[in-house]
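Okay, structure first, notes after.
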Amino acid sequence: MEEGRFRLDDFELYRVAREFRRGIYRLISQLPKAERYCLDPQMRLAAISITNNIAEGHGRWRYQENLRFCRIARGSIDEILDDLNICTDEKYVDQSLIDDLRATAYNLIGRLNSYMGYLRRSQQQDAN
């Protein structure tokens, strides 16, 4: 492994995103059967997209590529936030679960934004 690179499983942002995905899956398991073919797969795909894009960005060696995948992951978190609003509006699950997931989502966005700032600073330093 190249010096300065670390394994994906050691990447804190990725670990936090995986835990968030597991929380979303717990919520999905509580959705009514009427949402089996609509909201359920939508939320699964968005949750998977978060970790997939963080992982793919991590595997890229260029700053701009990594940033691109981070932006996609951030968009998927916003998609999940909208899905959580649907769950709230329709009273599908306990509100405390939704509130916890929403707080985790905003925390994850903050972590992603910080990591993206780090990537931008690193890119500027490497350019000088």
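The values are calculated or read from the model by the stated rules, or taken from the named source; none is laboratory data. Remember, it's a predicted structure, so these values are computed and weren't measured experimentally. Please note: Cβ atoms are built from the backbone with ideal geometry, for glycine as well, and neighbour counts cover all protein chains shown. When the accessible area is computed, the model is the full protein with side chains, heavy atoms only, and any ligands, DNA or RNA have been set aside. Shrake-Rupley method; radii C 1.70, N 1.55, O 1.52, S 1.80 Å.
Can you pull out every residue in the stretch 38-67 that is farther than 18 Å from Arg22 by Cα, in contact with a helix residue (DSSP H, G or I) (Cβ under 7 Å, 6 or more places away or on another chain) and of a type in the set (Lys, Arg)? Across the stretch 38-67, the qualifying residue is only Arg60.
The single residue among Phe20, Phe6 that is assigned to a helix (DSSP H, G or I) and either of a type in the set (Phe, Trp, Tyr) or more than 15 Å from the chain's Cα centre (by Cα) (or both) turns out to be Phe20.
Restricted to the stretch 31-54, and to residues there that are in contact (Cβ under 8 Å) with a residue 24 or more places away in the chain and surrounded by fewer than 17 Cβ atoms within 10 Å (Cβ to Cβ), the residue that is nearest to Glu79 (Cα to Cα) is Ile48. Residues in the stretch 29-81 that are among the aromatic types (Phe, Trp, Tyr) and touching an Asp or Glu at 6+ places or on another chain (Cβ under 6 Å): Phe69 only. Quick one: would you say Tyr63 is touching a Pro at 6+ places or on another chain (Cβ under 9 Å) and open to solvent by 20 Å² or more (accessible area, probe 1.4 Å)? Considered against the rule, which asks whether it is touching a Pro at 6+ places or on another chain (Cβ under 9 Å) and open to solvent by 20 Å² or more (accessible area, probe 1.4 Å), Tyr63 comes out as no. Given (1) out of contact with any Gly (no Cβ under 8 Å at 6 or more places or on another chain); (2) crowded, with 18+ Cβ neighbours inside 10 Å; (3) farther than 26 Å from Arg120 by Cα, identify the lone condition not met by Ile77. With respect to (1) out of contact with any Gly (no Cβ under 8 Å at 6 or more places or on another chain); (2) crowded, with 18+ Cβ neighbours inside 10 Å; (3) farther than 26 Å from Arg120 by Cα, Ile77 is out only on (3).
The requirement of being closer than 20 Å to Leu112 by Cα and assigned to a helix (DSSP H, G or I) is fulfilled somewhere in the stretch 23-30, by at least one residue.
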